[in-house]
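To start, the structure itself, in structure tokens.
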Amino acid sequence: MNEVLPPEKILQWLLTAGADENTENAPVNRFERREQPAFQAFETVPLQRTAAENIVLPQASSLEELKNLIAGFDKCPLKATATNMVFGAGNPHAKLMIIGEAPGAEEDKQGLPFVGASGHLLDLMLKSIGLNRSDVYITNILPWRPPGNRKPSEDEVSLFTPFVRCHIALIRPQILLLLGGSAVSALMNTSAGITKTRGHWMTYSAGDINIQVMASFHPAFLLRTPAQKKLAWRDFLSVKKALEI
Ligand code: URA
């Protein structure tokens, strides 16, 4: 009977034989982030390609147009389970644009971002730096509520990120405040989590746009983990300083 060699012995043998590279039939990393095939996903949406970065963006020249594009975009099953689309709210001329993750139950009911428990905390945090809702513009990465408030999947996030980029291009804020890891990983091209990225100024660049970015903990996380509020407080103070208020 043939002896069955354990995998490490086979690898050892291959290395001794000089094989130091995998070519055909290499193992496939099924956990690797899959790139969204943009053209297929957006076949019903007018697109523009930004010259500098070769990013494909939905083409909308006003918030109303973008809202209609998202409302008519049927490639995400979340639309079927949600009650209302949550597009954005606040002052479209605001210097500060805040981006969260996805609507929860109350947002889904009212069709407005951050109107539930997280929203109340966000209001308090904004107030502490002298801002209220009419001073900021707020949206989320996802416009539809994931059932049961589950975390959005990577596919859902990558499907809507081009719309968010278009949203940012229309608002053109001076500062972006990203709340939670989903917004950071969607927009900042980093795999570093929110604990690493929060509190450090970053730059969001797309075409001719360069915007200062501050990331901070999501208010829902702060409600569960109040001990972290002191760090979020520091982040909000940095934003206050940058806005010169
Ligand atoms: N959490 C979010 O990220 N966004 C909302 O609008 C509400 C809760």
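The values are calculated or read from the model by the stated rules, or taken from the named source; none is laboratory data. Keep in mind the model is a prediction, meaning the values are calculated, not measured. Positions of Cβ are backbone-derived with ideal geometry, glycine not excepted, and every protein chain shown enters the neighbour counts. With ligands, DNA and RNA removed, areas are computed over all heavy atoms of the protein, side chains included. Shrake-Rupley method; radii C 1.70, N 1.55, O 1.52, S 1.80 Å.
What the table shows:
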| read-out | value |
| --- | --- |
| Cβ-defined net charge surrounding LEU69, 14 Å radius [Lys, Arg +1; Asp, Glu -1] | 0 |
| Cα extents of the chain along the three principal axes, largest first (Å) | 77, 45, 38 |
| Peptides ranked, highest mean first, by Cβ atoms within 10 Å: ranges 106-118, 81-93 | 106-118, 81-93 |
| Heavy-atom accessible surface of segment 125-193: percent carbon and sulfur, 1.4 Å | 48 |
| Surface per residue (accessible, 1.4 Å probe) for segment 38-155, Å² | 49 |
| Estimated 222 nm signal from helices in the chain, with DSSP H stretches of n ≥ 4 weighted -39500 (n - 2.57), rounded to 500 | -11000 deg cm²/dmol |
| Cα-based Rg and Dmax for segment 79-161, where Dmax is the largest Cα-Cα distance (Å) | 12.7, 39 |
| Where chymotrypsin sites (Phe, Trp or Tyr not before Pro) fall in DSSP loop in segment 198-240, at most 14 other Cβ within 10 Å | TRP201 |
| Antiparallel content of DSSP bridges confined to the chain, in %, to 5 | 45 |
| Long-range amide H partners of GLN48 with built H, under 5 Å | LEU57, GLN59 |
| Rule-of-thumb Rg ratio for segment 96-216 [Cα; 2.2 N^0.38 Å; N residues] | 1.00 |
| All-pairs Cα distance distribution in segment 165-245, expressed in whole percent, bin size 10 Å | 18, 50, 29, 3 |
| Cα-centre dipole for the chain with unit charges at Cβ (Lys and Arg positive, Asp and Glu negative), debye to 20 | 1100 |
| HN-Hα J in Hz across segment 69-76 - Karplus 6.51, -1.76, 1.60, θ = phi - 60°, x for Gly and Pro | 4, 5, 4, x, 8, 9, 7, 10 |
| Where a label projected 7 Å from the Cα of GLU244 along Cα→Cβ would reach, residues of segment 88-102 with amide N under 16 Å | 95-96 |
| FRET efficiency, 1/(1 + (r/R0)^6) with R0 45 Å, evaluated for GLU3 and GLU106 via beta carbons | 0.10 |
